[in-house]
Amino acid sequence: MATSKSWRGAALTRLGLGAAQFGNLNRVTTDEESTLAVDAAWDAGIRYFDTAPHYGLGLSERRLGAALRGRPRAEYVLSTKVGRLLVPRGEPTELLDDAGFVVPADHLRVWDFSRDGILRSLEQSLERLGTDRIDIAYLHDPDDHWQQASTTGIETLIELRDQGVLAAVGAGMNQSALLADLVRRTDVDVVMVAGRWTLLDQSAAEDLLPAASQRGVRVVAAGIYNSGLLSEPTVSDDARFDYREAPVQIVERARRIAAACERHGVTLPEAAVQFPFRHPAVASVVVGTRTAAHVSSLVTRSTAPVPDELWTDLVDDGLVPAAAIEQGT
């Protein structure tokens, strides 16, 4: 597995395991499935693991920490996120979480990018993960809390990094414009952009990727299947894009990309996994996995032969801008 920039002696591997599904995203997952997924990732050479308190109200962090327990701590990179502080409800409830995770709603998510909120969040994450350190801390979806997150929030993370508490800091968002602003104005190391640098949506090329290249900031590409639209060789009529029903024009465009892939003996998900690496600022592609089979599929897709002629044809067909593939790795 190819690696990139090193933090604390470990390296950010080309592929990363995203653990949102460990938090029972959309349906119940078992402890065993999560552990087997991590085992498969480790056997495949994946050494970057990403989670967040938001995922299953802490369940993802607990499962990921348990699955990594016993692994040499210096050999992997672990990232989590801050901004959603988990606060106990204080009284029993039979309600289920209303944020897409099938877990009891025994905690409330409280937006908090203050210094105290971030310190408390990291302390709680360390406890849930069962580890003595977090390598990368991201501000998590700070869109509606930008003033505090882009000042006090990132300043707190940078201070912790400079003290040696964290190895690297940044932000993770579903948009590129504010990430680009953060890269230009602050001393961040890495940012995670979800859904905006994919085979279907290259909007990060307009702002984030140039800024990251100029400042030497690494980019982690997530959401590369655009909510599942690019995850299968054939695009279904009920495909989703950005967490909702995909517009007809988006489905049609995805099908044109799939047809181009098929002409070159490549599947749509194979191209989707490999496309983000066309830009040199991209250090890793993080894909959400639930099972060992998901991990195996990801690794296979990442190593499938993809001829350069495919990217050229996508440009010629107006499906991918030329600037998006000129930086090929």
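Laboratory data are not the source of any read-out in this text; all were calculated from the coordinates shown. Given the structure is predicted, the values throughout are model-derived calculations rather than measurements. So basically every Cβ, Gly included, is an ideal-geometry build from the backbone, and we count neighbours across all protein chains shown.
Numbers at a glance
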quantity	calculated
Shape of region 191-329, Cα gyration tensor, a/c cut at 1.5	rounded
Selection from Ile136, Ala293, Cys261 lying farthest towards where the dipole of the chain points positive, charges on Cβ	Ile136
Expected 222 nm ellipticity per residue - DSSP helices of 4 or more, -39500 (n - 2.57), all of the chain, to 500	-10000 deg cm²/dmol
Between region 88-116 and region 187-224, the Cα center-to-center distance that results, in Å	30 Å
Residues whose placed amide H lies under 5 Å from that of Tyr48, excluding near-sequence neighbours	Thr13, Leu17, Val77
Phi to ³J(HN,Hα) by Karplus 6.51 cos²θ - 1.76 cosθ + 1.60 over region 186-191, Hz, x for Gly, Pro	10, 9, 8, 9, 7, 10
Largest to smallest principal axis extent of the C-alpha atoms in region 74-124, angstrom	40, 27, 16
Under the Karplus curve 6.51 cos²θ - 1.76 cosθ + 1.60, θ = phi - 60°, whole-Hz ³J(HN,Hα) for region 136-143, x wherever Gly or Pro sits	10, 10, 10, 5, 9, 6, x, 3
Euclidean distance of C-alpha centroids, region 13-42 and region 270-293, integer Å	15 Å
Debye log10 I(q)/I(0) at q = 0.07, 0.11, 0.16 Å⁻¹ for the chain, Cα point scatterers	-0.26, -0.67, -1.46
Computed lengthening from Leu95 to Glu262, 0.36 nm per intervening residue step minus Cα-Cα distance	55.5 nm
Top of Gln175, Gln147, Gln202 by mean-square fluctuation, Gaussian network on the chain, Cα under 10 Å	Gln147
DSSP-defined beta bridges in the chain - what % are antiparallel, rounded to 5	30 percent
Amide hydrogen neighbours beyond the local backbone of Ala194, cut-off 5 Å, H modeled	Met173, Asn174, Gln175, Ala222
Mean Cβ neighbour count within 10 Å, used as a protection proxy, ranking 24-34, 61-71 highest first	61-71, 24-34
Charge context of Ala66, other residues only, Cβ under 10 angstrom, K/R +1, D/E -1	+2
Length-normalised contact order of region 59-161 in % [C-alpha pairs under 8 Å, at least 6 apart]	35 percent
